[in-house]
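Read through the structure below, which is laid out as structure tokens, and then see the notes.
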Amino acid sequence: MDTRTILEIVGWAGSGLVVISLVVASQRAFRGLNLAGSLIATAYNAILGVWPAVGMNTAIALIDIYWLLRLRRDSRPRSISDDS
């Protein structure tokens, strides 16, 4: 298999993860799959030099990271001292 074919498979895998993320019910799973797909798509598009897609996927990845961190923080058990 040549490099171009492998690159195409990786690009399709990233796109597939983004599509799959849209059909999962769990917010955490959605963000995780979407992040993985966006990171793969960012790398794929950077290699090809498609800079608008790199920018969009980078923004999506950053948004997913923000929400994953927020979901993690919000799911922590709280103590009484956290309310003050």
_Would you confirm whether or not the range 59-75 contains a residue that is modelled with pLDDT of 95 or more, part of a helix (DSSP H, G or I) and among the small types (G, A, S)?_
yes
*Just checking, how many residues over the range 44-65 are under 15 Å from I9 (Cα atoms) and surrounded by 15 or more Cβ atoms within 10 Å (Cβ to Cβ)?*
2
*R4 fails exactly one of the following numbered conditions: (1) farther than 16 Å from A61 by Cα; (2) at pLDDT 95 or above; (3) not in a loop (DSSP other than H, G, I, E, B). What is the number of that condition?*
(2)
_Tell me yes or no: at least one residue of the range 11-25 is over 23 Å from L68 (Cα atoms) and surrounded by 12 or more Cβ atoms within 10 Å (Cβ to Cβ)._
yes
_Given the condition in contact with a helix residue (DSSP H, G or I) (Cβ under 7 Å, 6 or more places away or on another chain), without any contact (Cβ under 8 Å) to a residue 60 or more places away in the chain and exposed (fewer than 15 other Cβ atoms within 10 Å of the Cβ), answer yes or no: does some residue in the range 26-39 qualify?_
yes
*Could we say that R31 is of a type in the set (K, R) and either in a helix (DSSP H, G or I) or on the phi > 0 side of the Ramachandran plot (or both) here?*
yes
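The values are calculated or read from the model by the stated rules, or taken from the named source; none is laboratory data. None of these values were measured; they are calculated from a predicted model. In this analysis, Cβ positions are derived from the backbone assuming ideal geometry, glycine residues included, and neighbour counts consider all displayed protein chains.
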